[in-house]
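Chemist: My questions will all concern the structure given below.
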Amino acid sequence: MRRISRITVAGAATASLALALSACGGTSTSASSDSKGNKGLAIAYDVGGKGDQSFNDAAYAGLEQAKKEFQYDTADVEPTEGETDADKEQRLASLAKQGYNPVVGVGYAYAAAVKGAAEKFPDTTFGIVDDSTVESKNVADLVFSEEEASYLAGVAAAKSTKTNTVGFVGGVDIPLIHKFQAGFEQGVKDTNPQAKVLTQYLTQTAEEGGFSSPTRASRPPRARSRRRPTSSTRPPVCPVRVSSRPPPPTRCGRSVSTPTSTSRKPSPSTRTRS
């Protein structure tokens, strides 16, 4: 039985992860004879860092609540641009070495780092959000039913639309966000079968900035930004000119010239007297 299997996270908001792991961290420390981890709780942020008004800020809210309720020392560490799995693992290992227990990696991107750090620090409890691939006695996987929350967002969108067209903008085109999309679309469909959902993802990978560039999401998806040209925006129509002489340059460049026939009779004005 995994040491952290007693942690109940189903249906909990992201902000509660720090509280749940705080209790687990205390149990893990007391059960380890050679553990020096008794300092408190630490979290390592995902892409975007603290201040993203979303995922990371929810984790920070839980950290602050744990600090207030358990009087723990706490630490939170920001990510760096272009960092590798080795950088993430070093960050988690540093926190564990300082005595923080538990140590939480906020986001699936920490999977490899959590696995490596957990092997090096078996007496420290590690947590990882949105990933369940790491199988270890001292790793808590914190996963949620994202599609249920986004289903409600779809219901709200379907009820508020006046055009029967709503939009879903995903940060990065990955399976995790596909769950959000599926829930949103189902919520729209169940509420308003006539409504259409337009979908767009900002980037294909997290490294491209889809999770850390909120301004991109404020731009309308391409499918919604295409408009038929109006009379004020439609390009001017220029007449096609046909002549036997080389035409002068025109603004539209659409003049057409025809070759002069050699068998054509001269006009009366050009005939010579016999």
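Chemist: Of the residues ALA109, ALA93, ALA153, ALA113, only one is in contact with a strand residue (DSSP E or B) (Cβ under 7 Å, 6 or more places away or on another chain) and either in contact (Cβ under 8 Å) with a residue 40 or more places away in the chain or crowded, with 16+ Cβ neighbours inside 10 Å (or both); which?
Modeler: Working: ALA109 fails: in contact with a strand residue (DSSP E or B) (Cβ under 7 Å, 6 or more places away or on another chain); ALA93 fails: in contact with a strand residue (DSSP E or B) (Cβ under 7 Å, 6 or more places away or on another chain); ALA153 fails: in contact with a strand residue (DSSP E or B) (Cβ under 7 Å, 6 or more places away or on another chain).
When all the criteria are applied, what remains is ALA113.
Chemist: Of everything in region 110-151, what is in a loop (DSSP other than H, G, I, E, B) and over 18 Å from the mean Cα position of the chain (by Cα)? Give them in sequence order.
Modeler: PHE121, PRO122, ASP123, THR124, THR125, SER132, THR133, VAL134, GLU135, SER136, LYS137, ASN138, listed by residue number.
Chemist: Report every pair of residues separated by at least 6 positions or lying on different chains whose Cβ atoms are under 8 Å apart, first residue within region 159-173 and without any contact (Cβ under 8 Å) to a residue 40 or more places away in the chain, second of a type in the set (Phe, Trp, Tyr) and open to solvent by less than 30 Å² (accessible area, probe 1.4 Å).
Modeler: Matching pairs, first to second residue: PHE168/PHE184.
Chemist: What are the residue pairs meeting all of these: first residue in region 174-187, first residue open to solvent by 40 Å² or more (accessible area, probe 1.4 Å), second residue aromatic (Phe, Trp, Tyr), Cβ atoms under 6 Å, and 6 or more apart or on different chains?
Modeler: Taking only residues 6 or more apart or on different chains, the pairs are GLN186/TYR151.
Chemist: While we're looking at this one, here's another question. Being more than 30 Å from ALA182 (Cα to Cα) and under 21 Å from the mean Cα position of the chain (by Cα): is that true of THR74 here? Quick ask: steps written out before the conclusion?
Modeler: Details: more than 30 Å from ALA182 (Cα to Cα): yes; under 21 Å from the mean Cα position of the chain (by Cα): no.
The answer is no for THR74.
Chemist: I'd like to know if region 78-85 contains one or more residues that are surrounded by fewer than 24 Cβ atoms within 10 Å (Cβ to Cβ), among the β-branched types (Val, Ile, Thr) and in a strand (DSSP E or B).
Modeler: Among the residues of region 78-85, not one is surrounded by fewer than 24 Cβ atoms within 10 Å (Cβ to Cβ), among the β-branched types (Val, Ile, Thr) and in a strand (DSSP E or B), which makes the answer no.
Chemist: Having 2 or more residues that are modelled with pLDDT under 65 is the bar; report the helices (runs of 4 or more DSSP H) wholly within region 162-253 that clear it.
Modeler: Filter on region 162-253 gives 222-225.
Chemist: Of the numbered conditions (1) in a helix (DSSP H, G or I); (2) over 21 Å from the mean Cα position of the chain (by Cα), ASN56 satisfies every one except a single condition; which is it?
Modeler: Tallying (1) in a helix (DSSP H, G or I); (2) over 21 Å from the mean Cα position of the chain (by Cα), ASN56 fails exactly one: (2).
The values are calculated or read from the model by the stated rules, or taken from the named source; none is laboratory data. It should be emphasised that the depicted structure is a prediction, and the values quoted were computed from it without experimental measurement. With ideal geometry, Cβ positions are generated from the backbone for all residues, glycine too; neighbour counts draw on all protein chains shown. Accessible surface areas use protein heavy atoms only, side chains included; no ligands, DNA or RNA. Shrake-Rupley method; radii C 1.70, N 1.55, O 1.52, S 1.80 Å.
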